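See below for the structure under consideration.
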Amino acid sequence: NAGVTQTPKFRVLKTGQSMTLLCAQDMNHEYMYWYRQDPGMGLRLIHYSVGEGTTAKGEVPDGYNVSRLKKQNFLLGLESAAPSQTSVYFCASSTGTRLNTEAFFGQGTRLTVV
Amino acid sequence: KQEVTQIPAALSVPEGENLVLNCSFTDSAIYNLQWFRQDPGKGLTSLLLIQSSQREQTSGRLNASLDKSSGRSTLYIAASQPGDSATYLCAVYSGYSTLTFGKGTMLLVSP
């Protein structure tokens, strides 16, 4: 029972490079989320998706793009990495139904931009 | 905009104490509230989910309560153990089922 799996777990990028973070869930959840966690700032929502083919902006979307081509996958792209994007990135999924929605998180991707 | 505050930011207690972690939110129009645990360098582990129609949930030594009208939730940990040392995060569901997090309470339980 894998739950939510993030790839890669660690990455170092040079300023200006691009990369894609992959999130995969095997719980048939409709909703998927990308958060970043920074010291003193807590977890902040970057983008989210309410179903296959949909995406929406969260609190801190600038500098990131996302795609949800398949229900089980949610990709987060950094087009031109900046040192301010050094952070730990977490993916989550949930059923999205208002009564019973419960979020499950991946183990995180630690990204350093130098 | 929903804002979630957790008090205290850090807490240090001796083993065996009962303790209460507090969470408050500004917009009472929430669907659910979820408590998580995060160990250093790790992901988030769900502890308890309280639906908006419920007042409390219990799991082992953990009990979480919810008072929507006052915008508050508490997490009660009974007979604390060193293994309880972690950061505890409170998150509320509102709007389009997006989660808004507090900054967490860092708990240290000493033997």
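Jot down the radius of gyration and Dmax of region B:1-46, Cα atoms only, both in angstrom.
13.3, 38
With a cut-off of at most 15 other beta carbons within 10 Å, and DSSP calling the residue loop, which trypsin sites (Lys or Arg not before Pro) in region B:36-83 qualify? Please list them.
B:Lys42, B:Arg55, B:Arg61
Starting from the Cα of A:Val114, step 7 Å along the direction of its Cβ; do the same at B:Arg72; then give the gap between the two resulting points in nm.
Distance between label points: 4.9 nm.
Are there trypsin sites (Lys or Arg not before Pro) in region A:40-114 that DSSP marks as loop and that have at most 12 other Cβ atoms within 10 Å, and which are they? Show your work: numbers first, answer last.
On the way: sites: A:Arg44, A:Lys57, A:Arg68, A:Lys70, A:Lys71, A:Arg98, A:Arg110; in loops: A:Arg68, A:Lys70, A:Lys71, A:Arg98.
Those satisfying the criteria are A:Lys70.
Expressed in nm², what is the orientationally averaged projection area of the convex hull enclosing the Cα positions of the protein assembly as shown? List each step's numbers first, then the result.
Details: hull surface 47.9 nm².
If I average the Cα hull's projected area over directions, I get 12.0 nm².
Of all DSSP beta bridges in chain B, what percent run antiparallel (nearest 5)?
The answer is about 90 percent antiparallel.
What's the percent breakdown of Cα-Cα distances in region B:38-110 across 5 Å bins, shortest bin first?
So the P(r) values, bin by bin, are 3, 13, 23, 27, 19, 9, 4, 1, 0.
Whole percent per 10 Å bin, from 0 to the bin with the longest distance: what is P(r) over all C-alpha pairs of region B:1-84?
Whole-percent P(r) values from 0 Å outward: 16, 49, 30, 5.
Charges only on Cβ, +1 for Lys and Arg, -1 for Asp and Glu: so what's the dipole of the protein assembly as shown about the Cα centre, in debye to the nearest 20?
Dipole of the protein assembly as shown, to the nearest 20 debye: 400 debye.
Would you compute, for the Cα atoms of region A:13-75, the largest minus smallest coordinate along each principal axis and list the three values in descending order, in whole Å?
Cα spread of region A:13-75 along its principal axes, largest to smallest: 33, 26, 19 Å.
With N set to the residue count of chain A, report its C-alpha Rg divided by 2.2 N^0.38 Å to two decimal places.
Normalised by 2.2 N^0.38 Å, the Cα Rg of chain A equals 1.01.
Under a point spin-label approximation (7 Å from Cα along Cα-to-Cβ), what is the A:Glu52-B:Asn63 distance to one decimal in nm?
4.5 nm
How many Å² of accessible area per residue for the protein assembly as shown, probe 1.4 Å?
Working: 10620 Å² over 225 residues.
Spelled out: the 1.4 Å probe surface of the protein assembly as shown, per residue, equals 47 Å².
Taking the Cβ of B:Ser110 as the centre, find all other residues whose Cβ is under 13 Å away and add up their charges (Lys, Arg: +1; Asp, Glu: -1).
-3
With θ set to phi - 60° and the Karplus curve 6.51 cos²θ - 1.76 cosθ + 1.60, what are the ³J(HN,Hα) couplings of region A:68-75 in order, to the nearest whole Hz, using x for Gly and Pro?
9, 6, 10, 4, 7, 10, 9, 9
Using only protein heavy atoms and a 1.4 angstrom probe, determine the accessible area buried between B and A, summed over both sides, in Å² to the nearest 100.
Roughly 1900 Å².
Is region A:1-45 rounded, prolate or oblate when judged by the Cα gyration tensor, a ≥ b ≥ c being the square roots of its eigenvalues, rounded requiring a/c under 1.5 and prolate requiring a/b larger than b/c?
Oblate, since a/c reaches 1.5 and b/c is not below a/b.
The values are calculated or read from the model by the stated rules, or taken from the named source; none is laboratory data. Bear in mind the structure is a predicted one, so any value in this text is a computation, not a measurement. Virtual Cβ from ideal backbone geometry, glycine too; neighbours counted across all protein chains shown. Just the protein is used for accessible areas: all its heavy atoms, side chains included, with ligands, DNA and RNA removed. Shrake-Rupley method; radii C 1.70, N 1.55, O 1.52, S 1.80 Å.
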